[in-house]
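**Student:** Shown below is the structure under consideration.
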Amino acid sequence: MSNYHDMANNILKDIGGKDNVINVNHCATRLRIQYKDKNNIDDNSVSKIEGIAGTVIRDDEYQIVIGTDVANVYNAFVKSIGDVSNNKTAKVKFTWKHLGQTIIDFISGTFVPILGVLVAAGLVSAVLNIGVTFFGLSTKSGTYTILNGIYEAGYYFLPVYLGYSASKKLNMNPMMGAFLGATLVYKTIDSAKGLEFLGLSVPQIQYNTSVIPILLGVLFMKLIDVGMDKITPKSIKFFTKPLITMLIVVPVTLLWLGPLGFQIGTVIANVLNFINLKLGWVSVGLMGALTPLLVMTGTNQALFPLCIASVASIGYDAFVLPGMLAANVAVGAAALAVAITTNESKKKQLALSAGITGVMGITEPAIFGVLIKNKIALLSTMAAAGISGAFAGLVSLKQYAIVSPGIAALPTFIHASNGKIDSNFYMSVITLVMSFVLSFGFTYVITKRMVGSKDSTSENDLNIYQPVGGKVIPLSDVNDEVFSKGLVGDGFAVEPNNRGVYSPVNGIISMVANTKHAIGLKSYSGNEVLIHMGLDTVELNGLPFDVKIKEGDHVKKGDLIADMNIDMIKKEKKDPIVMVILTQPDKQLDNELLGDIKVGDMVGQVVTAN
């Protein structure tokens with residue numbers, strides 16, 4: 001579709017072009033771009049591209065939140081940039097923060113591509129449960145055997161999928177990683193007793209369904225791969241490099257790295273069990289409450305290995321995924337509440353679509369497009385997710401497959417016992433409904449109390465109030481034809497005598513210029529107002545202005561929104577006059593008062609032109 005192509009080209013233009021791109025990939029909702037120079041990225045422009053819910057800038061990666069259409073945008077983006085293999089990455093100074101981000105990026109880049117396999121396997125398992133419980137499907141039938149084979153293969157060959165994905169993430173031949181994974185699960189090696197290599201005893205480890213051993217093996221393979229590239233002549237590299245790599249990596253993995261990975265996995269499992277035992281249902285509530293913050297920082301990706309290891313070893317997860325069910329539904333419900341309470345059509349559209357995908361289990365569009373800009377919705381989400389997550393922990397809710405929790409994932413909570421669905425499924429429905437009702441209710445009620453029902457006069461208040469102390473003059477007296485001829489809109493100007501700039505209406509901040517010299521507001525009565533501080537002050541790059549608010553903030557008339565250094569403006573030989581403009585073409589200022597007027601006093605009334 002052409003809109004994907006246009007979006008990709010706009011993104012590429014605003015991040016500094018092809019030369020600023022080192023690598024690009026994507027996860028379930030985000031386009032992830034490794035860049036060379038952060039200064040070349042115009043984050044504000046990227047955020048305004050239609051279809052983009054939000055952005056996250058890290059030390060060496062720029063994440064663009066798009067939603068479920070991300071794969072289409074990724075394909076268009078890749079076509080636009082072509083080959084960027086010659087774009088070398090700049091050396092990044094080591095910090096513990098950067099190390100943490102690198103680890104999370106590796107985990108995310110490795111696990112996200114294989115989630116489709118695990119989702120399919122998990123849902124097939126749910127279908128089998130339903131078929132056996134309700135439709136009399138025989139466990140000895142060919143249908144059951146085939147479907148069960150799909151489910152078992154999804155987890156049994158997990159080291160193969162992870163080996164491929166991890167190698168690709170590390171810029172190696174992914175087939176070599178898959179080869180290592182296949183070797184680990186081969187029938188004469190997996191769980192083999194009495195195995196030895198060159199006289200060294202090989203520990204008995206179950207590698208099928210395992211996670212950490214293959215990751216350690218691939219990381220070691222990367223070291224060998226880099227070394228072989230340096231010392232192997234090009235003429236024989238094709239034959240000798242893969243041979244020597246496998247002859248070194250496989251024994252080292254079986255003898256040391258595999259057992260180490262198994263022990264690490266055991267420690268992680270024990271830590272999680274300890275947390276569950278000590279905190280009990282509270283731990284699931286905390287997981288629910290904190291999940292939106294984890295998604296914002298990307299650290300939720302680090303939880304995938306824990307979920308996968310739990311499902312692979314005991315068949316379910318009772319900690320992370322139940323908490324995420326509460327959180328995901330709460331995120332979607334809060335976004336839907338915002339869609340109902342907002343008067344802005346664009347925000348309503350975004351919140352509605354993001355809310356629907358949120359309750360289904362995909363939350364990034366709602367978090368970055370709606371909640372991150374709305375404190376009421378975010379805090380309501382966390383409170384609702386914490387309460388419903390605690391309930392999920394209290395009833396020991398379990399999810400039996402790796403699927404992003406939400407309405408669409410409800411079948412993965414089905415567990416049959418004695419030919420009937422046990423209470424786990426019904427508890428998942430109660431958790432979901434509780435989370436939705438609480439989050440939607442908190443967001444809706446608090447928003448209405450704090451914003452929607454300010455006082456009954458807010459929505460009917462058509463007055464424009466004095467924003468800055470000084471003398472009010474007609475707009476026609478301003479020494480700039482763009483304003484004096486009304487090309488921007490009707491309004492008035494003020495010759496200021498103090499630094500404070502205050503809101504002239506009750507409403508929402510709709511825009512703050514990058515150079516801080518202009519602020520847009522939309523009153524609760526629907527009038528759009530622009531405060532323009534000084535003439536040609538855009539050239540001062542924001543130095544004289546200290547803006548006290550941000551886009552999306554709610555303000556009352558008389559609230560301080562900016563501090564303007566009049567002396568600095570005059571020193572730069574600029575006029576500090578303040579213009580208040582009605583930017584809608586059909587709006588005019590009536591009953592305008594001129595002369596010295598105090599801050600907060602009425603200057604005029606907005607009327608609709610005939």
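**Student:** For segment 208-236, which residues satisfy the criterion of being assigned to a helix (DSSP H, G or I) and not hydrophobic (A, V, I, L, M, F, W, C)?
**Tutor:** P213, G217, K222, D225, G227, D229, K230, K234, S235 - these are the residues of segment 208-236 that are assigned to a helix (DSSP H, G or I) and not hydrophobic (A, V, I, L, M, F, W, C).
**Student:** Quick check, is T95 of a type in the set (S, T, Y), within 24 Å of S165 (Cα to Cα), open to solvent by 50 Å² or more (accessible area, probe 1.4 Å) and modelled with pLDDT under 85?
**Tutor:** Taking the combined requirement at face value, the residue does not satisfy it.
**Student:** Anything in segment 488-503 that is in contact with a strand residue (DSSP E or B) (Cβ under 7 Å, 6 or more places away or on another chain) and in a loop (DSSP other than H, G, I, E, B)? List them, or say none.
**Tutor:** V488, G489, N497, R499, S503
**Student:** Could you look through segment 138-172, keep only residues that are farther than 18 Å from L254 by Cα and outside any helix (DSSP H, G or I), and pick out the one that is most open to solvent (accessible area, probe 1.4 Å)?
**Tutor:** Applying the filter and picking the extreme gives K140.
**Student:** Is it true that A339 is surrounded by 24 or more Cβ atoms within 10 Å (Cβ to Cβ) and either touching a residue at least 12 places away in the same chain (Cβ under 8 Å) or assigned to a helix (DSSP H, G or I) (or both)? I'd like the intermediate steps shown before the answer.
**Tutor:** Numbers: surrounded by 24 or more Cβ atoms within 10 Å (Cβ to Cβ): no; either touching a residue at least 12 places away in the same chain (Cβ under 8 Å) or assigned to a helix (DSSP H, G or I) (or both): yes.
Here the answer is no, as A339 does not meet what is asked.
**Student:** Here is a follow-up. Looking at segment 281-336, which of the residues that are hydroxyl-bearing (S, T, Y) and closer than 18 Å to I104 by Cβ is least open to solvent (accessible area, probe 1.4 Å)?
**Tutor:** By that ranking, first place goes to T291.
**Student:** Against the condition modelled with pLDDT under 90 and surrounded by fewer than 16 Cβ atoms within 10 Å (Cβ to Cβ), how does S417 come out, does it pass?
**Tutor:** yes
**Student:** Is there a residue in segment 561-580 that is open to solvent by 30 Å² or more (accessible area, probe 1.4 Å) and either among the β-branched types (V, I, T) or under 18 Å from V505 (Cβ atoms) (or both)?
**Tutor:** Looking through segment 561-580, none of the residues is open to solvent by 30 Å² or more (accessible area, probe 1.4 Å) and either among the β-branched types (V, I, T) or under 18 Å from V505 (Cβ atoms) (or both).
**Student:** Is at least one residue of segment 482-497 touching a Phe, Trp or Tyr at 6+ places or on another chain (Cβ under 6 Å) and not hydrophobic (A, V, I, L, M, F, W, C)? Step through it out loud before you land on a result.
**Tutor:** We begin by selecting, within segment 482-497, every residue touching a Phe, Trp or Tyr at 6+ places or on another chain (Cβ under 6 Å); these are none.
No, that holds for no residue.
**Student:** Could you tell me whether segment 184-194 includes any residue that is more than 27 Å from D105 (Cα to Cα), of a type in the set (S, T, N, Q) and in contact with a Leu (Cβ under 9 Å, 6 or more places away or on another chain)?
**Tutor:** Yes - at least one qualifying residue is present in segment 184-194.
**Student:** Moving to a separate point now. Within segment 250-258, can one find any residue that is in contact with a Pro (Cβ under 6 Å, 6 or more places away or on another chain), at pLDDT 80 or above and farther than 18 Å from Q399 by Cβ?
**Tutor:** Checking segment 250-258: at least one residue is in contact with a Pro (Cβ under 6 Å, 6 or more places away or on another chain), at pLDDT 80 or above and farther than 18 Å from Q399 by Cβ.
**Student:** Evaluate segment 532-540: report whether one residue or more is over 16 Å from I464 (Cα atoms), surrounded by fewer than 16 Cβ atoms within 10 Å (Cβ to Cβ) and free of Cβ contacts under 8 Å to residues at least 12 places away in the same chain.
**Tutor:** No - not one qualifying residue is present in segment 532-540.
**Student:** Of all residues being touching a residue at least 40 places away in the same chain (Cβ under 8 Å) and open to solvent by 70 Å² or more (accessible area, probe 1.4 Å) in segment 581-600, which is nearest to the chain's Cα centre (by Cα)? Just the residue, please.
**Tutor:** Among those that are touching a residue at least 40 places away in the same chain (Cβ under 8 Å) and open to solvent by 70 Å² or more (accessible area, probe 1.4 Å), it is P585.
**Student:** Limited to segment 475-493, what total is found for residues that are under 18 Å from V529 (Cα atoms), open to solvent by 40 Å² or more (accessible area, probe 1.4 Å) and either in contact (Cβ under 8 Å) with a residue 40 or more places away in the chain or among the aliphatic types (A, V, I, L, M) (or both)?
**Tutor:** 4
**Student:** Additional query: Counting only residues that are closer than 19 Å to M296 by Cβ and open to solvent by 10 Å² or more (accessible area, probe 1.4 Å), how many does segment 348-358 have?
**Tutor:** Counting residues in segment 348-358 that are closer than 19 Å to M296 by Cβ and open to solvent by 10 Å² or more (accessible area, probe 1.4 Å) gives 2.
**Student:** Would you say T363 is under 19 Å from S47 (Cβ atoms) and out of contact with any Leu (no Cβ under 7 Å at 6 or more places or on another chain)?
**Tutor:** Answer is yes for this residue.
**Student:** Separate question: Which ones in segment 32-46 are surrounded by fewer than 17 Cβ atoms within 10 Å (Cβ to Cβ) and either under 13 Å from P365 (Cβ atoms) or under 17 Å from the mean Cα position of the chain (by Cα) (or both)?
**Tutor:** Correct list: D43, N44.
**Student:** Just to be sure I understand the filter: pairs with C-beta atoms under 8 Å, separated by 6 or more residues or on different chains, first member in segment 355-377 and farther than 16 Å from I64 by Cβ, second member assigned to a helix (DSSP H, G or I) and aromatic (F, W, Y). Which pairs pass?
**Tutor:** Going by the 8 Å Cβ cut-off, the qualifying pairs are V359/F436.
**Student:** If you check L321, L325, which single one turns out to be more than 20 Å from Y444 (Cβ to Cβ), touching a strand residue (DSSP E or B) at 6+ places or on another chain (Cβ under 6 Å), modelled with pLDDT of 90 or more and part of a helix (DSSP H, G or I)?
**Tutor:** L321
**Student:** Right, something else. So which residues in segment 6-19 are surrounded by 16 or more Cβ atoms within 10 Å (Cβ to Cβ) and either at pLDDT below 90 or not in a helix (DSSP H, G or I) (or both)?
**Tutor:** Correct list: I15, G16.
**Student:** Could you list all residues from segment 453-475 that are more than 18 Å from L560 (Cβ to Cβ), at pLDDT 90 or above and not in a strand (DSSP E or B)?
**Tutor:** L475
**Student:** Let me ask something else about it. In segment 504-517, what residues are touching a residue at least 40 places away in the same chain (Cβ under 8 Å) and in a strand (DSSP E or B)?
**Tutor:** Within segment 504-517, G507, I508, I509, S510, M511 meet the criteria.
**Student:** Examine segment 67-76 for a residue that is surrounded by 19 or more Cβ atoms within 10 Å (Cβ to Cβ) and assigned to a strand (DSSP E or B), and state whether such a residue exists.
**Tutor:** No, segment 67-76 has no match at all.
The values are calculated or read from the model by the stated rules, or taken from the named source; none is laboratory data. Just so you know, these numbers come straight off a predicted model, no measurement behind them. No Cβ is skipped: glycine too gets one built from the backbone with ideal geometry, and neighbour counts run over all protein chains shown. Remember, those area values only see protein heavy atoms, side chains included, never the ligands or the DNA or RNA. Shrake-Rupley method; radii C 1.70, N 1.55, O 1.52, S 1.80 Å.
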